[in-house]
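Contents: one structure, followed by commentary.
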Amino acid sequence: MLSRLMNVLKPGIDRQKIMYVLVGVFNTGVGISLFFLLYLLLKNEWHYQWITVLAHFLSVLSSWLMYRRFVFKSEASPVLEYVRFNLTSLFMLGFQILGLYLFVDTLHINPMISQPIVVLVGVVVSYIIHAKFTFSRFFS
């Protein structure tokens, strides 16, 4: 389905960047769905923060598979690439926490305004890190 969508787009458009956004939207849905499902299943046994961690790692696996296959079309060693992807994901989690702290606690901007800004900047930073580090042929 994603490939068909890309065939409709103009040839001059950067396919990789468009696919990155489309796969990112899909992955966001997967992450939210996993959290909801796990929360409904485990809320009586696990604290919601542990459910969040489990959902994060499961969604990272899904994201890696989707980015590897549809965005970067990588043929590198899956194990090393998966480790790099996880490092990038943890870095981005820290980036978002720090970004929110700076916007909310330092600049006193409402979290409802700060979160989308941090996420949008994070999407660009994440793309650059994935393209130059996670899925780079240089590190394969």
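Residues checked against (1) small (Gly, Ala, Ser); (2) in the same structural domain as residue 40 (by TED's automatic domain parsing); (3) on the phi < 0 side of the Ramachandran plot; (4) part of a helix (DSSP H, G or I):
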position: 58; (1), (2), (3), (4): no, yes, yes, yes
position: 68; (1), (2), (3), (4): no, yes, yes, yes
position: 88; (1), (2), (3), (4): no, no, yes, yes
position: 93; (1), (2), (3), (4): no, no, yes, yes
position: 101; (1), (2), (3), (4): no, no, yes, yes
position: 108; (1), (2), (3), (4): no, no, no, no
position: 129; (1), (2), (3), (4): no, no, yes, yes
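Give me a count of the residues in region 62-82 that are of a type in the set (Val, Ile, Thr) and under 24 Å from residue 33 (Cα atoms). Walk me through it before giving the result.
Our first condition is that a residue be of a type in the set (Val, Ile, Thr); within region 62-82, this holds for 71, 79.
Okay, now just the ones that are also under 24 Å from residue 33 (Cα atoms), so 71.
Of the residues in region 62-82, 1 are of a type in the set (Val, Ile, Thr) and under 24 Å from residue 33 (Cα atoms).
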The residue that is nearest to residue 27 (Cα to Cα), considering only those in region 99-140 that are surrounded by 13 or more Cβ atoms within 10 Å (Cβ to Cβ) and polar (S, T, N, Q), is 126
Residue 43 fails exactly one of (1) farther than 25 Å from residue 132 by Cβ; (2) touching a helix residue (DSSP H, G or I) at 6+ places or on another chain (Cβ under 9 Å); (3) modelled with pLDDT under 90; (4) of a type outside the set (A, V, I, L, M, F, W, C), namely (3)
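Has region 95-114 got at least one residue that is hydrophobic (A, V, I, L, M, F, W, C), touching a residue at least 40 places away in the same chain (Cβ under 8 Å) and over 22 Å from residue 33 (Cα atoms)? Spell out how you get there, then give the answer.
Narrowing region 95-114 to residues hydrophobic (A, V, I, L, M, F, W, C): 95, 97-98, 100, 102-104, 107, 109, 112-113.
Next, only the ones that are touching a residue at least 40 places away in the same chain (Cβ under 8 Å) stay: none.
Among the residues of region 95-114, not one is hydrophobic (A, V, I, L, M, F, W, C), touching a residue at least 40 places away in the same chain (Cβ under 8 Å) and over 22 Å from residue 33 (Cα atoms), which makes the answer no.
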Over region 40-74, the set of residues among the charged types (D, E, K, R) and in contact (Cβ under 8 Å) with a residue 60 or more places away in the chain is 68
Given (1) at pLDDT 90 or above; (2) under 21 Å from residue 121 (Cβ atoms), residue 94 misses just (1)
Counted residues in region 71-86 being part of a helix (DSSP H, G or I), crowded, with 18+ Cβ neighbours inside 10 Å and not basic (Lys, Arg) come to 3
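Which residue out of 52, 28 is within 22 Å of residue 128 (Cβ to Cβ), polar (S, T, N, Q), within 19 Å of the chain's Cα centre (by Cα) and surrounded by fewer than 17 Cβ atoms within 10 Å (Cβ to Cβ)?
Of 52, 28, the one residue that is within 22 Å of residue 128 (Cβ to Cβ), polar (S, T, N, Q), within 19 Å of the chain's Cα centre (by Cα) and surrounded by fewer than 17 Cβ atoms within 10 Å (Cβ to Cβ) is 28.
The values are calculated or read from the model by the stated rules, or taken from the named source; none is laboratory data. Bear in mind the structure is a predicted one, so any value in this text is a computation, not a measurement. No Cβ is skipped: glycine too gets one built from the backbone with ideal geometry, and neighbour counts run over all protein chains shown.
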